[in-house]
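Single-structure report; data block below.
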Amino acid sequence: MSEYPFFFTWTAQNAAKPLELTGGEGAWFTTGDGSRWLDLGSLSYQVNAGHGRRRIVDAIKRQADQLCLSAPNAVFPAKVELAERLLAMAGPGFSKVFFTLGGAEANENAIKIARLVTGRHKLISRYRSYHGASMGALALTGDWRRAPLEPLIPGVIHVHDCECERCSSGNRDAICDRGYAREIERTMRLEGPRTTAAVFLEPVPGANGAYVPPPDYWPTVRAACDADGALLVADEVLTGFGRTGTPFGFKHWDVVPDMITIAKGLASGYATIGAVIVHERVAKHFDANVLACGLTYYAHPTACAAALETMKLYDDEKLYANSARLGPVLLRELDAVAARIAVPAHVRGLGLLAALAPQATPEQWTKLGSELATRKLSLHVDGKRGTAIFAPPLCITEEELVRGVRSFGEAAVSAFGAVL
């Protein structure tokens, strides 16, 4: 049993592995034993700006001195400027922002908005997805975290994912006319035309394996939603703010969703904040109809200040461009690791979000975890799902990235064996 007087998440308490964080700088964090770890996973995928960013901390302090608490109907400069910046980032047609405390709440409120606007209740998401741990968001989620808490909210239908490396054509860039791109359209038809409120998709499923869709996937889903009258929600909680090399992941495919849910990189983990960015075609419904959504800590002043300064930092340091530039470097280095290890492995990714998926045994995965701890490398290793996922802070240098992945490669060779 844990010696600490609080719960650890997503684990049996007697199996928890506490990590005492004491600080950090850039792509590194420090622990209570004085160790310095290279953070190749951005803690829980949120530290896009990097560790120890004093300008974000100072912005929180300034806001606390000016206005440290508010009410949901309050107006203050950081709230207004933050909403304006988010709408500008989203692009033409987006007109309103609903602030939340994090990603799960953003998806919860997107569900509410979709059902209020369409008058429908069905929702479609994918099996390899993660949309949050609250009951509605968890119902959308397709991974192992959903099953222990079922039944959840009714009306959620799951469809299959884009696993392009498993495609029989062997062409990862092929136009996908073999099922994945049109499965959502077929599912809507089978469930009953004009009964789906919304389709929720991560541009690139992150925690479930960094599956990059083929080029026509998002446009095909957008067309299906338009034909049925369903809304399309881009869950950018993990992929937003440069993770895939663009401000929002959906922009890779020139598609405009009806809503965008965000959190994590919004304030880079320095404050608890999320949001739903809503297109005018949806937002106008609430001009004369009640928006039946509300949160006590809606748009908390210190959180708005943290998010606003974080977005300014991204622009000032050109971190989105750095993610785009280093994405091919990350894939190149992971391809080299895959070529060295003695088990078959797929590599996939976009920007500074990538996965190595080796076909290893549970014992080999356990050994990999031990090897990574010895090397002070932090990333998302999941033997049950067979993935090692890389999502370093966007401020990481090429030298740090190459050094880290090559060190990971040595750990992988030790755990999985080397090609003879």
Discussion item. Anything in segment 298-312 that is in contact with a helix residue (DSSP H, G or I) (Cβ under 6 Å, 6 or more places away or on another chain) and not acidic (Asp, Glu)? List them, or say none.
Written reply: ALA299, PRO301, THR302, CYS304, ALA305, ALA306, ALA307, LEU308, THR310, MET311
Discussion item. It is to be established whether one or more residues within segment 35-58 are in contact with a strand residue (DSSP E or B) (Cβ under 7 Å, 6 or more places away or on another chain), in a helix (DSSP H, G or I) and surrounded by 14 or more Cβ atoms within 10 Å (Cβ to Cβ).
Written reply: no
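Name the residue, out of LEU308, LEU334, that is farther than 19 Å from THR272 by Cβ and crowded, with 23+ Cβ neighbours inside 10 Å.
LEU334 is the lone residue from the list that is farther than 19 Å from THR272 by Cβ and crowded, with 23+ Cβ neighbours inside 10 Å.
Residue-wise test of (1) of a type in the set (A, V, I, L, M); (2) part of a strand (DSSP E or B).
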| residue | (1), (2) |
| --- | --- |
| ALA336 | yes, no |
| ALA339 | yes, no |
| GLY351 | no, no |
| TRP365 | no, no |
| ALA373 | yes, no |
| VAL381 | yes, yes |
| LYS384 | no, no |
| ILE389 | yes, yes |
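Any chance you could count how many residues in segment 114-133 are surrounded by 17 or more Cβ atoms within 10 Å (Cβ to Cβ) and not in a strand (DSSP E or B)?
Of segment 114-133, the ones surrounded by 17 or more Cβ atoms within 10 Å (Cβ to Cβ) are 114-118, 120, 122-126, 128-132.
Cutting the leftovers down to not in a strand (DSSP E or B) gives us 114-118, 120, 128-132.
Of the residues in that region, 11 qualify.
With respect to ASN48, is the statement that it is among the polar types (S, T, N, Q) and at pLDDT below 95 true? Steps first, please.
Working: among the polar types (S, T, N, Q): yes; at pLDDT below 95: no.
For ASN48, the condition - among the polar types (S, T, N, Q) and at pLDDT below 95 - is not met.
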Item to complete: Can you work out which of the residues in segment 359-412 that are acidic (Asp, Glu) and buried (at least 16 other Cβ atoms within 10 Å of the Cβ) is farthest from the chain's Cα centre (by Cα)?
Response: GLU371
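Has segment 290-306 got at least one residue that is touching a strand residue (DSSP E or B) at 6+ places or on another chain (Cβ under 6 Å), within 15 Å of LEU69 (Cβ to Cβ) and of a type in the set (Gly, Ala, Ser)?
Initially, segment 290-306 is screened for residues touching a strand residue (DSSP E or B) at 6+ places or on another chain (Cβ under 6 Å), giving 298-299.
Adding the requirement that they be within 15 Å of LEU69 (Cβ to Cβ) leaves 298-299.
With of a type in the set (Gly, Ala, Ser) added as a condition, the list becomes 299.
Within segment 290-306 (the criterion being touching a strand residue (DSSP E or B) at 6+ places or on another chain (Cβ under 6 Å), within 15 Å of LEU69 (Cβ to Cβ) and of a type in the set (Gly, Ala, Ser)), the answer is yes, since at least one residue qualifies.
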Discussion item. Go through (1) within 23 Å of the chain's Cα centre (by Cα); (2) assigned by TED's automatic domain parsing to the domain that holds ALA207; (3) within 26 Å of LEU319 (Cα to Cα) for SER44 and report which single condition fails.
Written reply: (2)
Item to complete: Report, ordered by the first and then the second residue, all pairs with beta carbons closer than 6 Å, sequence separation of six or more or different chains, a first member in segment 9-22 that is free of Cβ contacts under 8 Å to residues at least 12 places away in the same chain, and a second member that is among the hydroxyl-bearing types (Ser, Thr, Tyr).
Response: THR22/THR30
Fill in: Within segment 86-113, tally of residues that are over 20 Å from GLY249 (Cα atoms) and in a loop (DSSP other than H, G, I, E, B)
1
Discussion item. Within segment 68-83, take every residue that is over 18 Å from LEU101 (Cβ atoms) and not β-branched (Val, Ile, Thr) and give me the one that is surrounded by the fewest Cβ atoms within 10 Å (Cβ to Cβ).
Written reply: PRO77
Item to complete: Would you please list the contacts, defined by Cβ atoms under 8 Å and residues six or more apart or on different chains, that run from a residue in segment 366-387 that is touching a residue at least 40 places away in the same chain (Cβ under 8 Å) and in the same structural domain as VAL405 (by TED's automatic domain parsing) to a residue that is acidic (Asp, Glu) and crowded, with 17+ Cβ neighbours inside 10 Å?
Response: SER378/ASP39; ARG385/ASP143
Worksheet, complete the sentence: The correct count of residues that are in a helix (DSSP H, G or I) and surrounded by fewer than 22 Cβ atoms within 10 Å (Cβ to Cβ) in segment 190-219 is 3
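The values are calculated or read from the model by the stated rules, or taken from the named source; none is laboratory data. Only a predicted model underlies this, so the values are computations on that prediction, with no experimental measurement involved. So basically every Cβ, Gly included, is an ideal-geometry build from the backbone, and we count neighbours across all protein chains shown.
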